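For reference, the structure discussed in these notes is given below.
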Amino acid sequence: MLGPVILAASRSDKMRRFVSAAPGTKQVVDRFIAGESVDQVVPIVEDAADKGLEVTLDVVGEDITTPAQAEAARDAYLELVERLKVLDLGTRAEMSVKLSMFGQALENGHELALANVRPVVEAAAAIGTTVTLDAEDHTTLDSMFAIHEELRKDFPQTGCVIQSYLFRTEDDARRLAAAGSRVRIVKGAYKEPASVAYQDKAEIDKAYVRITRILMEGEGYPMIGSHDPRLIAIAQELGRQSGRKLDEYEFQMLYGIRSDEHIRLAAEGHRMRVYTAYGTDWYGYFMRRLAEKPANLLFFGRSILTKG
């Protein structure tokens, strides 16, 4: 399986240099990354809104090694909030954050990440929108969920992400599917050991369906993160069985993947949110997109062979 190999490469400085220098890299990165700056991403947000789509914005960058870098990440999100304020889109334009970017892996990382992310969540609430805490590898999740719980005391609309390939996630979903919660379900995109995660795609998909049912039957707001047509159809059916209206849950897909499907779901009356990443530190995010789907890797391979 190529996925684990690609995920390992995402941590390799040598591979980072090779991929960055490859002639076809920019073409493929531009497919997944909306731009390098907030100035470049704002027109994309406006265009999405004009098409009836919603967005969640991610400033890419996870390899934080100093408190100063974590503070810079905080400030990048605060700058984004200021730009969103002018657009006045409310929750149609929210933000997604990875706590590793806010210093979670550093000394006293839990406290540091909470201190850095809180001003972003507060600023988002002040302009009528919110923040979702992305899930990372399994060793970070207890800290993420604790920060999520703490933030929800003052900002109950704060969302979080759960991953179907982890054994723990069904229990997490039952705990989180409470009134007022916002929970995104994804398959998972980190290399995890067999002791904590399903390794077989079919088992991951089955878990995804079980967890989606838990969320749909709960009292919270499910956010279905998938590009899989079968899982999307199952989620729609589970929504119907649970008596949910179309605005009582949403679909989420990545920028640059299945864009026609974004429009189709929105036209059917679904809330359709596009996960839109931007920034200069794109490598780790980009490599996980390749690992998730073989077609992405083939597209990249062809582009690398293109000269000029």
Geometric extent, Cα atoms of the range 130-200 - Rg, Dmax (angstrom) | 12.1, 39
Over the C-alpha atoms of the range 167-241, what are the Rg and the largest Cα-to-Cα span, Dmax, in Å?
-> 12.2, 35
If you keep only loop residues by DSSP, which chymotrypsin sites (Phe, Trp or Tyr not before Pro) in the range 114-185 have at most 15 other Cβ atoms within 10 Å of their Cβ?
-> Phe167
So what is log10(I(q)/I(0)) for the range 37-81 at q = 0.21, 0.23, 0.29 1/Å, when the Debye sum runs over its Cα atoms only?
-> -0.75, -0.83, -1.07
Cα-based radius of gyration of the range 153-285 once divided by 2.2 N^0.38 Å, which approximates compact folds | 1.05
Give the peptides 35-48, 106-119 in descending order of average Cβ contacts within 10 Å, highest first.
-> 106-119, 35-48
For a label point 7 angstrom out from the Cα of Gln199 toward its Cβ, which stretches of the range 155-189 have the backbone nitrogen within less than 15 Å?
-> 166-167
Computed from every Cα-Cα pair in the range 78-226, P(r) in 5 Å bins starting at 0 and rounded to whole percents is 2, 10, 19, 20, 20, 16, 9, 4, 1, 0
Using the Cβ atoms and a cut-off under 15 Å, what net charge is assigned to the surroundings of His262, where Lys and Arg are +1 and Asp and Glu are -1?
-> -1
If each part is reduced to its alpha-carbon centroid, the range 207-233 and the range 168-205 end up apart, in Å, by 11
When only alpha-carbon atoms count, how far does the range 57-119 stretch along each of its three principal axes, as whole angstroms with the largest first?
-> 37, 16, 14
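Which peptide among 68-77, 125-134 comes first, and what is the full order, when sorted by highest mean count of other Cβ atoms within 10 Å?
Ranking the peptides 68-77, 125-134 by packing returns 125-134, 68-77.
Every number in this text was worked out from the coordinates using simple rules, so none of it is lab data. Here the structure is a predicted model, which is why all the values come from computation and not from measurement. Because the Cβ atoms are built from the backbone with ideal geometry, glycine has one as well, and the counts that use them run over all protein chains shown.
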